[in-house]
Amino acid sequence: TFAYVAGGERWLGEVSGRGDAYLFLGGGAYTLPRAVAGRDPSARITVIELDPEVTRVAYRWFGLRPEHGIVSVHGDARAVVEGWAAEGRGGWDRVYVDVYGGRESLPHSLVTLEALATLRSLLKPGGTLAFNVIGTAVGEGSLRFWSTVRTAAAVFPSVQLYHHLGHDYPERQNFLLALSPEAGRRWPERAGMFETWPREEWPEEEGTVVFRDRPAPRAE
């Protein structure tokens, strides 16, 4: 499997307990949800996937089976979680976000202050939220990456960042961004092949912003 999937599986295995409730935003080949189901048959797993055809392909070609017990919800992830939050439907131990639009970037609608606050509201006490982030931490294009991190830190008091290819790697790579509402949360030292990037070593990036929801267009 890809290193970021293996890293996510290892990390989830270290922070989770048996029978935990998992919410995955983004299905794809369902590789990570299937791995969790295989490791812990008592896990309660829900996946929000935009396209039902993706889920069909996962059943047809990628080994997803009904016996995995994974519940699929089809629709826009932001809209679904906002609906659940409005209904008071929380109770997730682990939320894992692996959703991409164009150029392998996380959709703006999932990394705003408002979106992160909604995701936080779905967590149980002791719950954690993690993002698979593709980006560059140095040079051109780094402002989007560090703005994502800054926005997350504005909502969650405990933030851990893991890098795959080195914190000074000049091109795009996968990062694991782990978040907790619990101040002082103790995190695993590694996530598979991913290494921690201590917060005190993060660069001071001028020009970063806190992402906010875009205002609705005015009616003509």
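The values are calculated or read from the model by the stated rules, or taken from the named source; none is laboratory data. Model, not experiment: these values are computed from the prediction. Virtual Cβ from ideal backbone geometry, glycine too; neighbours counted across all protein chains shown. These area figures cover heavy atoms from the full protein model, side chains too; ligands, DNA and RNA do not enter into them. Shrake-Rupley method; radii C 1.70, N 1.55, O 1.52, S 1.80 Å.
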Only helices counted: for the chain, with every DSSP H run of 4 or more residues adding -39500 (n - 2.57) and the sum spread over all residues, [θ] at 222 nm is -9000 deg cm²/dmol
Computed from the beta carbon distance with a Förster radius of 30 Å, FRET efficiency for ARG60 and ARG39 to the nearest 0.05 stands at 0.80
Length gained if LEU165 through GLU189 is fully extended, taking 0.36 nm per residue and subtracting the Cα-Cα distance, is 7.1 nm
Of every hundred units of 1.4 Å-probe accessible area on the stretch 72-212, the number belonging to carbon and sulfur atoms, as a percent, is 48 percent
The FRET efficiency for ALA154 and ASP51, from their Cβ-Cβ distance with R0 = 41 Å and rounded to 0.05, is 0.85
Of all chymotrypsin sites (Phe, Trp or Tyr not before Pro) in the stretch 140-220, the ones in DSSP coil with at most 14 other Cβ atoms within 10 Å are none
1/(1 + (r/R0)^6) with r = Cβ-Cβ of PHE2 and GLU87, R0 = 30 Å, i.e. FRET efficiency to nearest 0.05, evaluates to 0.30
Taking a ≥ b ≥ c as the square roots of the eigenvalues of the Cα gyration tensor, with a/c under 1.5 meaning rounded and otherwise prolate when a/b exceeds b/c and oblate if not, the stretch 75-155 is prolate
By the Cα gyration tensor axes a ≥ b ≥ c (a/c under 1.5 gives rounded; else a/b larger than b/c gives prolate, otherwise oblate), the shape of the stretch 29-81 is oblate
Any trypsin sites (Lys or Arg not before Pro) in the stretch 8-41 that lie in a DSSP loop and have at most 16 other Cβ atoms within 10 Å would be ARG18
With 0.36 nm assigned to each residue of separation and the Cα-Cα distance removed, ARG18 to GLU114 gains 31.5 nm
Lys and Arg at +1, Asp and Glu at -1: neighbours of VAL99 with Cβ under 11 Å from its Cβ sum to -3
Rounded to the nearest 5, the percent of antiparallel DSSP beta bridges in the chain equals 50 percent
